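Every read-out reported here was derived from the displayed coordinates using simple, explicitly stated rules and does not represent laboratory data. Because the structure is a prediction, the values reported are computed rather than measured. Cβ sites come from the backbone with ideal geometry, for glycine too, and all protein chains shown count toward neighbours.
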Amino acid sequence: MNRLRKILWTLLAALREIFDEAAYQRFLQRASLASSPQAYAEFLREQERISTRPRCC
Amino acid sequence: MKKSLLFLLWIAVALVGMLAVGVVAVRRGEPINAMWLVVGAACCYALGYRFYSKFIAAKMLALDALRATPAERLENGRDYVVTSKWFVFGHHFAAIAGPGPLVGPVLAAQFGYLPGTLWVLAGAVFAGCVQDFVILLFSVRRDGKSLTEMAKTEIGRVGGFVAYAAVMSILVILLAVAALIVVNALKASPWGTFTIAMTIPIALLMGVYLRRIRPGRVLEVSVVGFILVMLAIWGGQWVSEHPPVAGIFTLTAPALALLIIVYGFAASAMPVWLLLAPRDYLSTFVKLGTIALLGVGIVVLHPTLHMPALTRFVDGTGPVFAGKIFPFAFITIACGAISGFHSLISSGTTPKLIARETETRIVGYGAMMAESAVAVMAIIAACVMQPGVYFAINSPAGIVGQAPAAAAATISGWGFPVTAADMQALAHAVGEQTLYNRTGGAPAFAVGMASIFSNSLGGQALMALWYHFAIMFEALFILTVLDAGTRVARFMLQDALAHVYKPLGRTSWYPSILATSALVVAAWGYFLWQGVKDPLGGINSLWPLFGISNQLLATVALCVATTIIVKMHRTKYVLVTLTPLAWLVAITFTASWHKVFDPSPRIGFLAQARQLAAGPTTSETARLIFNNRLDAVVTGILVVMVALVLLESTRQWLEILRGKKESRLSESPFVMTRIAEEGQG
């Protein structure tokens, strides 16, 4: 049961990483901000500056 | 005891693998079960990962768990972030898995299931996984440098320039081919067109939800978006059954091409949060879920493959694309076996997230193995169809004729029986007016996938819904490749133009954004238009061009890797990269020669131009002749550039090996990791 819980937790955490939710949390922590439309807009601006997100064929 | 048990286990895996691949390779004349492919592939991947990648990691690369990675040394919480290996694996897989491993194997299935399967397995284990792994590791040891930067520092300025030019060319051709696949999947299909059109307002809604209502809740909004997309698929059926509305969404190929060109420009010029980012999230969500579902469906259903191991088209006269197995099967299937584009991802975001050098093995080698498994699923999806149906869907009207009866007669004459009534019934079952001449691979894959899904869940009653789900799934992430790729190409162009006029390099200056977006979209839009107007369906000329440029980029990546290995004084292991490099040079250069100079008008661009010039002149003739000559010139330029990199690399290897040149690596200095110290207690 514990093993299953661990697998599910890892899967969810991987999804949060893939979908940038974890990156947003790190941004909030780094900038000492609470989640808000303004903070999210700033996060997106930063993301756009550092990554062009290529997607393979 | 434990060691001897493990030894026996691996012997068993090897024997089972040998048996499965043996059955796939040797069985003739009767259909085989797809599970032979699944088991053979699983054993090959397990052995490749356990033994070959471990050998590369230990002997050739000497991975060092004590060496701090850039994610640790340069950690800034933005692009350099120490991340768990399974999270990086997910990130990397989501970035490398695109339409290529689905479409390429479907097209190559015209040779039968055997050539594609063998190439996907051997190519991935010995070439693709190796390329992704070594480039990732070399980038990690160079602070996450890109392939073009590594080519410049390790091979020289020629290497850097050629890598840049190859990336730009591949992007332009890739985007044109991707758009053409969507056009061919959606033409005259009100259901599919409506569903895909709806993903645009859904993405906009997701963008506003994320920005204004629930900032940062991406998973949540992706689930909402997915539900809305499922509703759009359901609504598409209603649209297709009501002629006045269906008429609005029944579009010709040129009309769809124009709409996609406008969409590409808008997506590149609009704020990223509004359309591009939410679409990317939505397509990743659908992509990961559907690939997992397809894998489960194949294992549960273990369907029979109706396509023979080898077809008569191994002689090069295939209707899907012209050319013999060598070299054309190997450039048609790129992403499932080896893809140069992956080297851009392996030297992009991924190296900046790796926590330990040793994790490059699971991320680089392992994620490419997963992508190869997706290609095996695509081969199965294409080969579960009756061959006659497969050829009816994938053959252009220029080869089999426009009328259903004529097309069915031509295909039956090849020895693959199919009737016009069969095709009409299938089109009706999937909710389409016709399935003839749907070149590009996507519709054939969708039919195969829908048949697997409907046999596992819902039966024939849900066939139409599954078919349009599959079309939505493919078109959604092909369009994501299109908008993300246009934006990447725009940034690269802006970077280059900044050397001419500095403000052009500013990514926030709107005149520059609009001008560079227009240039990039015009470049791939031109090739798309050429494909749409091509009497042979476009895929015949554009897919090989894309395959050649993609594999040429892999050649550049393997040149960089081999140069670094020589500089590391690991020459005795150089065959690990030199063998796939030699193979790629052989296939790309031979394919390029055929595409330019082959006397058959169906293969050679120049021969086709000559045939057109000798035939009756129509309003289209001059443009078609020009397009063929342009394709020949593009192929020639790419080959000459890569030949220059190859010569420059070989000169360097020889000079270093003869002691005439000092081998100078541009690795970052060794810094002891804190993670390992803490881990060691």
Listed with the fewest Cβ neighbours within 10 Å leading, B:SER240, B:SER346, A:SER32, B:SER412 appear as A:SER32, B:SER412, B:SER240, B:SER346
Straight-line reach check, B:LYS145, cutoff 16 Å on alpha carbons, 8 or more apart in-chain or any other chain, hits among lysines -> B:LYS352
Shielding of B:74-81 by other chains, given as the mean Cβ count within 10 Å, works out to 4
Of the convex hull drawn through the C-alpha atoms of chain B, the volume per residue in Å³ is 174
In order over segment B:621-626: 3J(HN,Hα) from phi, Karplus 6.51/-1.76/1.60, θ = phi - 60°, whole Hz, x for each Gly or Pro, gives 4, 4, 5, 5, 5, 4
If amide H atoms are modeled at 1.01 Å from N in the peptide plane, then the residues at a separation of 5 or more from B:ARG356, or on another chain, having amide H under 5 Å from its own are none
Computed from the beta carbon distance with a Förster radius of 22 Å, FRET efficiency for B:ALA58 and B:SER84 to the nearest 0.05 stands at 0.45
In whole Hz, the Karplus estimates of ³J(HN,Hα) for segment B:509-524 (6.51, -1.76, 1.60; θ = phi - 60°; x where Gly or Pro) are 8, 4, x, 5, 4, 5, 5, 6, 4, 4, 5, 5, 5, 4, 5, 6
With the label point 7 Å along the Cα-to-beta-carbon line of B:PHE161 and a cut-off under 19 Å to each amide N, the hits in segment B:616-659 are B:634-652
Most exposed to least, judged by fewest other Cβ atoms within 10 Å, B:GLU432, B:GLU371, B:GLU72, B:GLU655 sort to B:GLU655, B:GLU72, B:GLU432, B:GLU371
Partner lysines whose C-alpha sits under 29 Å from that of B:LYS324, ignoring same-chain residues fewer than 8 away, are B:LYS533, B:LYS595
Counting only backbone N atoms under 19 Å from a point 7 Å out along Cα-to-Cβ of B:GLU75, the residues of segment B:137-154 in range are B:140-144
Residue-ordered couplings for segment B:100-115, obtained by feeding phi - 60° into the Karplus form 6.51 cos²θ - 1.76 cosθ + 1.60 and rounding to whole Hz (Gly and Pro as x), are x, x, 8, 7, x, x, 5, 5, 6, 5, 5, 7, x, 7, 6, x
Once B:PHE51 and B:ALA518 are pulled to full extension, the length gained, defined as 0.36 nm per residue separation minus their Cα-Cα distance, is 163.2 nm
The residues B:ARG490, B:ARG212, B:ARG78, sorted from fewest to most surrounding Cβ atoms within 10 Å, come out as B:ARG212, B:ARG78, B:ARG490
Taking a label point 7 Å from the Cα of B:VAL13 along Cα-to-Cβ, the residues of segment B:33-57 whose backbone nitrogen sits under 11 Å from it are B:42-54
The longest stretch of chain B containing none of the chymotrypsin sites (Phe, Trp or Tyr not before Pro) that sit in a DSSP loop with at most 11 other Cβ atoms within 10 Å is B:1-500
Scoring only Lys, Arg, Asp and Glu (+1, +1, -1, -1) among other residues with Cβ under 11 Å from the Cβ of B:ALA185 yields 0
The long-range amide H neighbours of B:SER395, using H built 1.01 Å from N in the peptide plane and a cut-off of under 5 Å, are B:ASN437, B:ARG438
The distance between the Cα centres of segment B:7-85 and segment B:463-524, in whole Å, is 34
Which residues qualify? For B:ILE32, with a placed amide H closer than 5 Å and at least 5 residues away or on another chain, they are B:LEU305
Pseudo-spin-label distance B:VAL500 to B:THR650, built 7 Å along Cα→Cβ, given in nm, is 3.5
dims of the protein assembly as shown, Cα set, principal axes, largest to smallest, nearest Å -> 74, 65, 61
Taking r as the C-beta separation of B:ALA421 and B:LEU5 and R0 as 51 Å, the FRET efficiency to the nearest 0.05 is 0.30
Filtering trypsin sites (Lys or Arg not before Pro) in segment B:584-681 by DSSP loop and by at most 12 other Cβ atoms within 10 Å leaves B:ARG658, B:LYS660, B:ARG664
The rounded separation in angstrom of the Cα centers of segment B:285-314 and segment B:160-234 is 24
What the Cα atoms of segment B:459-540 span along the principal axes, largest first and in whole Å, is 60, 31, 16
